[in-house]
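Okay, so here's the structure we're looking at.
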Amino acid sequence: MSLLHSFYCWGAVGVVLGSTLFFAVFGIENWKILTLIWAAIPFVNIFNFITCPIERLVDEGESMRPSQLVKLPLFWLLILLMACAGASEASMAQWASAFTESAMGVSKVVGDLAGPCLFAAFMGTSRILYGKMSKKLDLNKTMLACGILCAICYLTASLSALPILGLAGCALCGFSVGIMWPGTISISSGKCPGGGTAMFAFLALAGDLGATVGPTMVGGIAEVAGGDLQTGLLIATAFPLILILGLIVLDRKFKKKKS
């Protein structure tokens, strides 16, 4: 799961590098042409999804109905974890370019390469590493460690007076959030094996909701603070902290059930 999700990161790196090269050669005024070029990818995926075989997650009739899922406290805890995972990832990723530009005083080209591109590269690297070492690592403990690292990265980016440290916090944040999304999916399938397609649909919705609310909150707070993006990122530290708390609760409940 982690290795599969790493290709999302390499796709993001490719888009940033490809877009930067296009603008350098043809100019940013031709952005509409670039949009049409990138539109070819989802167009091709239409045919990929039509022809790709889709296996059932559980046998027919054995998966839980949505009405059953929403009655489980475990389900809502997993939803919270997924929302925090999406918010922790997107809050930094979507503001990385603007943060790099304002903190280091560089151009948008450099900001894109040093911000979101570096963030995505570190995120992809962490997913590949976990994919190779997953059998040796405890997923819950790894997620907890990544949550702590993510909180530290947010605090470093938001509180550091040195631009280079802020950039390091931004890049390492990509490494820390790499396992959060696929890790939550793996935890969910293990804790609630009968959840089926409905559960994963709700999880995807929660992740996207977090990825929408997080960056919006950062931007809103930054605007209120007079354009201070670091203040917005400081408040966003709440997302990895809530994720850490959720993982602790999940681990304790699981141990109670086990005993």
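One table, with the values for the structure above:
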quantity	calculated
The chain: C-alpha gyration tensor shape, a/c 1.5 cut-off, then a/b vs b/c	oblate
Phi to ³J(HN,Hα) by Karplus 6.51 cos²θ - 1.76 cosθ + 1.60 over segment 40-50, Hz, x for Gly, Pro	5, 5, x, 5, 5, 5, 4, 6, 5, 6, 5
Over 30 Å (Cα to Cα) - which of Lys71/Lys135; Lys71/Lys132; Lys135/Lys253; Lys71/Lys136 fall in this group	Lys71/Lys135; Lys71/Lys132; Lys71/Lys136
Largest-first ellipsoid semi-axes for segment 141-259, taking √(5λ) over the Cα gyration tensor eigenvalues, angstrom	30, 17, 12
Computed [θ] at 222 nm, deg cm²/dmol, the chain (DSSP H ≥ 4; -39,500 (n - 2.57); rounded to nearest 500)	-26000 deg cm²/dmol
Exposure rule at most 16 other beta-carbon atoms within 10 Å, DSSP loop GluC sites (Glu not before Pro): the chain longest free segment	63-259
Inter-probe distance in nm under a simple model that places probes 7 Å from Cα toward Cβ, at Phe47 and Leu162	5.3
Per-residue HN-Hα couplings for segment 235-251 [Karplus 6.51, -1.76, 1.60; θ = phi - 60°; Hz; x = Gly/Pro]	5, 5, 4, 4, 5, x, 5, 5, 4, 4, 4, x, 5, 5, 4, 4, 5
Cα gyration tensor category, rounded, prolate or oblate, for segment 178-219 with a/c compared to 1.5	oblate
Shape call, segment 153-214: gyration tensor on alpha carbons, a/c limit 1.5	prolate
Sequence ranges 66-73, 191-198, 178-185, ranked by mean other-Cβ count within 10 angstrom, highest first	178-185, 191-198, 66-73
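No lab work stands behind these numbers, since they all come straight from the coordinates. Keep in mind that this is a model prediction, so the values were computed, not measured. Neighbour counts run over all protein chains shown; Cβ positions are idealised from the backbone, glycine included.
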